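S.K.: Let me begin by handing over the structure; questions about it come next.
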Amino acid sequence: MAFSGVLLIKGFDERVSIGWLSVGVLAAVIAGFAYNSIIKCKKTDHAYTIVIHLTLVSIPVTGVWCFFDFVMPLGWDWLLIVIMGISTNRTILLLKALMSGNAADITPWNYTGAIFAVFSGYLFFGESIGLLALVGMAVIAVALILNSKLQN
């Protein structure tokens with residue numbers, strides 16, 4: 001249900017091609033595999049160890065891409081890089097939550113990222129929020145509430 005809310009947020013925005021939507025769906029599937037792997041490792045590994053391993057896996061992939069398309073950061077870009085580094089805490093907190101709780105209760109909250117993305121686009125880039133996006137956010141919120149109520 002929450003995923004249908006994400007599709008409503010995507011709506012019929014011509015700026016988002018089916019290709020990029022497919023990349024997003026593929027990323028969600030890969031994240032699902034990663035969450036299941038984290039749950040399997042919760043008795044053997046610490047959250048920091050998992051974060052380091054995820055980073056070590058991503059370096060070769062992004063390194064190859066950066067080798068051909070690197071642009072040196074300038075000015076405010078460095079502030080954004082620092083903010084991204086600080087946001088690593090989000091990953092550690094998510095890992096600790098997955099290791100300590102029920103994945104069915106925790107992972108649906110990742111759908112709130114779509115809501116934050118829409119509001120960030122509105123606040124920082126002047127994008128408009130259409131009716132479908134608002135309906136999609138409501139569907140996500142209802143799905144999260146129903147999920148937490150039905151789990152109990």
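S.K.: Here is a list: VAL25, VAL51, VAL118. Which entry is under 25 Å from LEU146 (Cα atoms), β-branched (Val, Ile, Thr), in contact (Cβ under 8 Å) with a residue 12 or more places away in the chain and out of contact with any His (no Cβ under 6 Å at 6 or more places or on another chain)? Step through it out loud before you land on a result.
M.R.: Values: VAL25 fails: in contact (Cβ under 8 Å) with a residue 12 or more places away in the chain; VAL51 fails: under 25 Å from LEU146 (Cα atoms).
Going through VAL25, VAL51, VAL118 in turn, the sole match is VAL118.
S.K.: Can you name the number of the only condition in (1) touching a helix residue (DSSP H, G or I) at 6+ places or on another chain (Cβ under 8 Å); (2) hydrophobic (A, V, I, L, M, F, W, C); (3) loosely packed, with under 13 Cβ neighbours inside 10 Å that LEU54 fails?
M.R.: Evaluating LEU54 over (1) touching a helix residue (DSSP H, G or I) at 6+ places or on another chain (Cβ under 8 Å); (2) hydrophobic (A, V, I, L, M, F, W, C); (3) loosely packed, with under 13 Cβ neighbours inside 10 Å leaves (3) as the failure.
S.K.: Looking at the stretch 94-115 only, could you name the residues that are touching a residue at least 12 places away in the same chain (Cβ under 8 Å) and either outside any helix (DSSP H, G or I) or touching a strand residue (DSSP E or B) at 6+ places or on another chain (Cβ under 7 Å) (or both)?
M.R.: Once the filter is applied, which keeps residues that are touching a residue at least 12 places away in the same chain (Cβ under 8 Å) and either outside any helix (DSSP H, G or I) or touching a strand residue (DSSP E or B) at 6+ places or on another chain (Cβ under 7 Å) (or both), the stretch 94-115 yields only ASN102.
S.K.: A further question follows. With the requirement that a residue be among the β-branched types (Val, Ile, Thr) and within 19 Å of GLY32 (Cβ to Cβ), what does the stretch 55-109 give you?
M.R.: Hits for the stretch 55-109 are VAL57, VAL61, THR91, ILE106, THR107.
S.K.: Within the stretch 83-93, can you find the residues that are at pLDDT 80 or above and either outside any helix (DSSP H, G or I) or surrounded by 11 or more Cβ atoms within 10 Å (Cβ to Cβ) (or both)?
M.R.: Residues satisfying the conditions are ILE92, LEU93.
S.K.: Restricting to the stretch 48-82, name every residue that is within 18 Å of the chain's Cα centre (by Cα) and not in a helix (DSSP H, G or I).
M.R.: none
S.K.: Something else: Which of the residues spanning the stretch 120-152 are of a type in the set (A, V, I, L, M, F, W, C), more than 20 Å from ASN102 (Cβ to Cβ) and loosely packed, with under 13 Cβ neighbours inside 10 Å?
M.R.: Result: LEU123, PHE124, PHE125, LEU131.
S.K.: Among (1) touching an Asp or Glu at 6+ places or on another chain (Cβ under 6 Å); (2) modelled with pLDDT of 85 or more, there is one condition TRP76 misses while meeting the rest; what is its number?
M.R.: TRP76 satisfies all of (1) touching an Asp or Glu at 6+ places or on another chain (Cβ under 6 Å); (2) modelled with pLDDT of 85 or more except (1).
S.K.: Out of (1) under 25 Å from ILE145 (Cα atoms); (2) touching a residue at least 12 places away in the same chain (Cβ under 8 Å), what's the single condition that is false for PHE33?
M.R.: (2)
The values are calculated or read from the model by the stated rules, or taken from the named source; none is laboratory data. As the structure is a computational prediction, the values presented were derived from the model and not from experiment. We place every Cβ from the backbone using ideal geometry, glycine too, and count neighbours over all the protein chains shown.
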